[in-house]
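The values are calculated or read from the model by the stated rules, or taken from the named source; none is laboratory data. These numbers come from a predicted model, not from an experiment. A quick note on method: Cβ atoms are made from the backbone with ideal geometry, for glycine too, and the neighbour counts reach across all protein chains shown. Calculation scope for accessible area: heavy atoms of the full protein, side chains included, ligands and nucleic acids excluded. Shrake-Rupley method; radii C 1.70, N 1.55, O 1.52, S 1.80 Å.
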Amino acid sequence: MTAKVIIFDFDGTLANTIDVIVDITNRLALEFGYKQTTQGELDELKNLSSREIVKQSGISILKLPFLIKKVRAELNKEIKNIKPISEIKDVLHELSSRGHQLGIVTSNSKENIVEFLEKNEWQHLFDFVYSGTTLFGKSKIINNLIKQREINREQIIYVGDETRDIEAARKSNIKAIAVTWGFNSAEVLAQQNPDFLVSQPQELLSAVMALHTTEEMIDSYSLSNQVFLN
């Protein structure tokens with residue numbers, strides 16, 4: 001099988017940062033003009049798309065990039081205390097051992113990601129880290145990655161925990177695997193029609209394998225038709 005380039009979101013997908021980010025955004029609420037989020041409201045937000053959450057928060061779109069930068073800076077102070085998602089390390093090792101190339105595309109800062117990887121001795125597992133300061137611009141980051149590294153889009157799988165991750169994958173014409181252990185609920189993720197929806201890290205292995213098998217069957221079918229027509 002042809003090796004895949006598997007791109008991971010960071011917050012909520014690889015690292016358990018949700019509670020920390022909620023604490024930070026609540027501390028910054030007065031400064032940026034939006035309301036704080038209670039635990040009960042957080043549970044409700046998980047059933048909304050990323051765009052719906054931004055709209056409901058009441059924050060000005062013009063302030064959003066500045067908020068993201070401030071959150072990233074505050075998160076840098078907490079990164080040493082952030083834990084990996086349970087069981088994800090074994091999955092990363094297995095994907096890497098199968099010859100897949102692993103990378104990260106995130107709205108978190110590259111500095112934070114590198115520090116986290118080094119702290120958990122994961123740096124050897126990832127071939128690249130791409131970062132951007134926009135919530136809804138991940139498709140641009142992915143497209144730049146594809147151009148710079150000259151990757152075939154059919155070889156790429158994007159793994160994320162939010163609706164905006166699936167949206168970015170669709171805009172970039174790549175496969176999407178949604179995970180339910182992060183921010184958005186399984187129900188709202190399913191509404192975005194990812195190629196696979198997984199609830200446990202180990203399920204990533206079978207999802208990647210299934211995408212492999214499907215593509216190889218399509219390639220084989222196309223080739224046989226070409227031979228028949230010729």
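Computing FRET efficiency as 1/(1 + (r/R0)^6) for Gln200 and Ser96, where r is the C-beta to C-beta distance and R0 is 22 Å, gives about 0.70. Contour minus end-to-end for Glu154 and Thr213, with contour as 0.36 nm per residue of separation and end-to-end as the Cα-Cα distance? Extra length available between Glu154 and Thr213 comes to 20.0 nm.
Here the scattering of segment 1-124 is modelled by Debye summation over its C-alpha atoms, one equal scatterer each and no solvent; at q = 0.12, 0.14, 0.17, 0.23 Å⁻¹ the log10 of I(q)/I(0) is -0.53, -0.70, -0.95, -1.40. Principal-axis analysis of the Cα atoms of the chain puts helix 88-97 at an angle of about 30° to the longest axis.
What is the extension gain from Lys147 to Asn193, computed as 0.36 nm multiplied by their sequence separation minus the C-alpha to C-alpha distance, in nm to one decimal?
Working: separation 46, 0.36 × 46 = 16.56 nm, distance 2.60 nm.
Contour length minus the Cα-Cα distance gives 14.0 nm.
Beta bridges assigned by DSSP with both partners in the chain are antiparallel in approximately 5 percent of cases. Here the gap between Lys110 and Asn26, fully extended at 0.36 nm per residue and compared with their Cα-Cα distance, gives a gain of 27.9 nm. log₁₀ I(q)/I(0) of segment 107-221 at q = 0.09, 0.16, 0.17 Å⁻¹, via Debye over equal Cα point scatterers, no solvent, to two decimals? Evaluating at q = 0.09, 0.16, 0.17 Å⁻¹ gives log10 I(q)/I(0) of -0.26, -0.86, -0.97. Rounded to the nearest 10 degrees, the inclination of helix 138-149 to the longest alpha-carbon principal axis of the chain is 50 degrees.
For the chain, the Kirkwood radius over C-alpha pairs fed into Stokes-Einstein at 20 °C and 1.002 mPa s yields D = 116 µm² per second. Here each label is just a point 7 Å from Cα along the line to Cβ, and for His124 and Ala73 those points are 3.7 nm apart.
Over the chain, average the accessible area per residue using a 1.4 Å probe and give it in Å², no decimals. Numbers along the way, then the final one.
Numbers: 11820 Å² over 230 residues.
Spelled out: the 1.4 Å probe surface of the chain, per residue, equals 51 Å².
Of the solvent-accessible surface of the chain, computed with a 1.4 Å probe and all protein chains present, 51% belongs to carbon and sulfur.
Round to the nearest 10 and give me the degree value, 0 to 90, for the angle of helix 110-119's Cα axis relative to the longest principal axis of the chain. The answer is roughly 80 degrees. Take the Cα of Lys83, step 7 Å along the line toward its Cβ, and report every residue of segment 13-29 whose backbone nitrogen sits under 16 Å from that point. Within reach of a label on Lys83: 13-21.
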